[in-house]
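The structure under discussion appears below in the form of structure tokens.
Derivation of every value follows stated rules applied to the coordinates shown; laboratory data play no part. Because the structure is predicted, anything quoted here is derived from the model rather than measured. Don't worry about glycine lacking a Cβ; one is built from the backbone with ideal geometry, like all the others, and counts go over all protein chains shown.
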Amino acid sequence: MNTPAPALHRILIVDDTASIHLDFAKILALPPADAAARDALATAVFGDTEPAPAPSPPRYDLDAAYQGAEALELVQRALAAGRPYALAFVDMRMPPGWDGLETIGHLWAADPELQIVICTAYSDHTWSTIRERLGQSSNLLILKKPFDHVEVLQLAHSLTTKWELASAHRARLDELDRAVRHRTDELVQSEARFTAAFNASPIAQAILAHEPGFAILAVNRAFESLFHTTPAELARTTTDNFGRGVDPERWRALLERVVTGEEIDDYPFVFRLPGEPERHIRCVGRRIQLNGRLCSIWLLRDVTQQLELEQQLRQSQKLDAIGQLSAGIAHDFNNILTAIQGYAGEIRHLAREEEVRRMAVPIQTAATRAAALTRQLLVFARKQILQPELADLNEVFAELRPLLRRLIGADIEIRWNIPANLPRVVADIASFEQVVVNLVVNARDAMPRGGCIEIAARPLTVDAEAARRQIDARPGDFIEISVADTGTGIAPETLPHVFEPFFTTKEPGKGTGLGLSTVYAIVHQQGGWVTVKTQPGAGTTFTLYHPVAPAAPTVEPPAAPGAPGAPVAQRGAGRFGRALVAEDDEIVRELLPKVLANERIPSDVAPNGRAALELWRQSPGAYDLVITDMVMPGGISGLALLHEIRTLNPGVPAILMTGYSNLLADRPDALSAIPGPPPRVLLKPFHPCDFAAALAEIAPPAA
């Protein structure tokens, strides 16, 4: 492969005499074909010896200028083209334009690296004058006319070589400078990234020098916030007040442990700043080397909130356990109260003495009050049974208006956007009202300085595509209900937690953190879902989707029963032939036949569902009424018993008694799985009059 010839050094001849240009051309721009002239020149330069074989003398790329201004233009153009001149031979006298010194001044102003030889036949200027005008420069030599060809060649060779070396040196320096700048930029960027990450970290961090005296070198913003300090204060900080609010001796002992190389992990300590509550900190410490200096880095986490949440979780678990216990107690207690109510009713019914009948009244009153307590236990346990019914939301909203107006105060406007004739829904009305009230109260609390709440509703069909965009959604017909406020909005970091139990952004004592979690639970329990949109500083909108009631044929209402509490016989004697009773509680099991006897209904009693089902199968036509407890031992619950019997006889009337049932609380649609009309649910404890009323409701019409 042919190596390309090196580029020729460029030399500029500046002289007002044409013959001088020719002389320089003969010496410096010798054609390579003129071998004889080259050899003669070599002999003149190197003597009479015959070099064998000597390299050709250097050749140069020459340009000529006759005046200083012309020379300046050539230099400027060469620089612009990226092909600068290495050397200029400049005549001292060049009338009528600039003289040599003035020309050199202009040339160096354009290209300070240009090597220059002053060519002169006169002593126009002394060396001191030249230095005074041009300054001391290593790029300037003087050549006296007439000059020798060898001198010209030597000057050209040495000065262009010097220029080339200087150019290479400058290029290397530029390369090194670029490398240094690049590395410096990388270090600056790395330091900037570290500083940004250091300061952006939510975990407080500090770097300490271990000599002298554990001086603080750097802390991040989280540290400043945690310890309520500023950079100016930290400049005066010692180890003793680094852990201000902490025992200094304990803190120094911890630092000494890190000096020995021990790794500190999750070390707990407590500190308290003046006027502030106690805070719990966990710290991690590691020994490090910074620029040969022994240091340590510390990460400090404020776990106060975490410990509080753990405490809340333990409290929640304790409350849940208490709730389970309460529900179980309520179940057993309701059986006892049912017996008390029933036997007190029997006393009033059978006793002949007025005094005895009168004494039974406070017994029933006390039992009624005790029943109210058991209902409160079930509410506390959140095991109350929902009572879904066909509801007109227009009526529900109309009844809520005065209540909500009283709740929010005069400084907040309520706007209603509820169209007439909303489709009906199947809902537990009390729970639905609680959802709306919770959302409105939440909106009110988000507007301490007043504002506007808009309550809107509209029918909406959710298609499959829309349902895929919301994890809880499903296709179908819904009522979209929204509660929007113009309050403070919800911070982005808070938004994912708004439906979590016990999560609240309100001040201590001003919120339980259960309002929105209750909304979420009720809406989902009734077959819907809820979403939230917010803009900090502009407000929040909660939107819930409640399924529309399915279309159902109109059912003629049954014949109106007689007055509640009156015997069945008075409303149509003989409507029930014989009752099958399933009850595991012995006292209640002994009571029910007596209550039925008062209604002139004979009965057979079984202690559990399995025994009752066996009685039914033995005499399938003997019973036209089934009364069963919900929860019984033996593997067959009241629901399972009714399902089996209704499978054989779908039309048999049934009463389902319960003091507590997880199944009905968690699955309000469980009754719909039983064939035939839904059984009448009778909540324990019940008064004999309530029992009679339930019988009246399910009694077949008179023949």
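Each of TYR267, TYR623 has some number of other Cβ atoms within 10 Å of its Cβ, and from fewest to most they run TYR267, TYR623. When the P(r) is computed for segment 451-495, the part past 14 Å accounts for 64% of the Cα-Cα pairs.
Taking 0.36 nm per residue of separation and subtracting the Cα-Cα distance, what length does fully extending GLU399 through LEU176 add? Spell out each step's value before the answer.
Values: separation 223, 0.36 × 223 = 80.28 nm, distance 8.33 nm.
Full extension of this stretch gives 72.0 nm more.
Note on PHE499/ARG358: beta-carbon distance plugged into 1/(1 + (r/R0)^6) with R0 of 60 Å gives a FRET efficiency of 0.65.
Would you mind counting up the charge near GLU583? Only other residues with Cβ under 11 Å from its Cβ, with Lys and Arg at +1 and Asp and Glu at -1.
Numbers: positive: ARG589, LYS684; negative: ASP584, ASP585, GLU586, GLU590, ASP629.
Residues close to GLU583 contribute a combined charge of -3.
Ordering VAL519, VAL150 from the fewest to the most neighbouring beta carbons within 10 Å gives VAL150, VAL519. For THR184 and THR531, the difference between the fully extended length at 0.36 nm per residue and the C-alpha to C-alpha distance is 119.8 nm.
Pop the C-beta distance of ASP411 and ILE471 into the FRET formula with R0 = 35 Å and round what comes out to the nearest 0.05. List each step's numbers first, then the result.
Numbers: r = 37 Å, r/R0 = 1.07.
Efficiency, rounded to the nearest 0.05: 0.40.
Going by neighbour counts of Cβ atoms within 10 Å, the residues ILE216, ILE587 line up, fewest first, as ILE587, ILE216.
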